[in-house]
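Read the structure below first, then the notes.
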Amino acid sequence: MPLSGTFDTLSLADLLQVVQQNQISGLLTVTCGLEDTHLVLARGDVLALGADDPARLDLGQELLAARLVSPGALQVLVRELPEGEGLREALGRQGGVDAEALAELEARHASELILGLLFREDGSFHLSTRALPEPREAGVPNLVVLARPLRTQGLLFDAMQRVDEWNQVRQVLPTGHVRVSAPPEALSCELPAVRRLAELGEALNVVELCLRMGGNRFELRRQLVEGHARGLVRVEPAAEGGAELEAAARLLEQARALLEQGRHDEAQAVLAVALGLDPDSERARELLTRTRADQLAHLRRKLESHRVPVLAVPPESLAGLRLGRRELYLASRLSGRTDVASLLVSIALGELETLRSLERLVDAGLVRLG
């Protein structure tokens, strides 16, 4: 039976506990901000994952950080990558890189992506327990089938450890706007974040370093804290009125104005940029939560649960229109007999994303509500 909800009613950690205890198989879609992450499950373990943004699944930075490939070799590899093939598969096919090391790197990257979701407070989920004979039949974008399954129990154990580690990190780096620097002798450090900081040769705030390096922001901060403990990283107080803080504050005001005008999608897009500049901004996260709640209330009023969506155009004409993946998928599921309430529990997009897609189809005149 499908299960949908938001993180304030059931946390993702609690949901994964249910998945693990009941050895559930199916598709779990997690929506945070404007992004969806899809986990293909088999008997409680994660077999594959996909995301709207393929960059979130890209192993390139991890391959460089682990020094498994050179920057030049990676550029050639990406340029010649066959469609539908990932970096792990391509490197395995070419040889020269240990398959076990690749599988370990991929598992660590996937774990970090999921752990990042466990610490979000502004998300929603939809768990579909329909049988999936093989992961690629899930029909999710940018699917990565893992070399070996991720154990849900291990993810939950790592999450508990991560809480303690975050507390330790925040003692040294209380916000993303403290400035950090590293001396030339740190160039030989094995920690990528410390080595990169020494290469840059200037004091940067943590947010800017995250933007320059990419990758997982927790791991970057953990490395900085370890470098600080060794005496290789200097930490300075946050500069008041920094450019990133000022830009983030302006974006928050812009998002608030958009929200008051009922322009929810635009407000969420602006808030996503603000959080990129200031990932620690509680104001931005509170405003994002309010934006999503307001938009959901608006959509529930507009698209009443008892109404029946019906295609207003021939199905074959949809392929020639500029529709997104969600809209095309939703349109393909409209039978003319299923009301909005039933549609929400049968589609693995989550309530907000399903209603947003339905609204676009209705506003475009492609669907009418019977």
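Every number here is computed from the coordinates shown, using simple stated rules; none is lab data. Because the structure is a prediction, the values reported are computed rather than measured. FYI the Cβ positions are ideal-geometry reconstructions off the backbone, even for glycines, and counts take in every protein chain you see.
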*Mind grabbing the base-10 log of I(q)/I(0) for the chain at q = 0.09 Å⁻¹? Debye formula, identical points on the C-alpha positions, no solvent, two decimal places.*
-0.60
_At a 10 Å Cβ-Cβ cut-off, how would you order D294, D14, fewest neighbours first?_
D14, D294
*Those GluC sites (Glu not before Pro) in segment 290-370 that DSSP places in a loop and that have at most 13 other beta carbons within 10 Å*: E304
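How do R221, R301, R230, R290 rank when sorted from fewest to most other Cβ atoms within 10 Å of their own Cβ? Don't skip to the end; give the middle numbers.
Values: R221 23, R301 8, R230 11, R290 16.
So the residues, fewest neighbours to most, are R301, R230, R290, R221.
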*With springs only between Cα atoms under 10 Å apart, run a GNM on the chain and tell me which of G50, G139, G123 wobbles the most.*
G139
*asked:* Bins of 10 Å, beginning at zero and ending with the bin holding the largest distance: percent of Cα pairs per bin for segment 309-369, please.
replied: 23, 64, 14
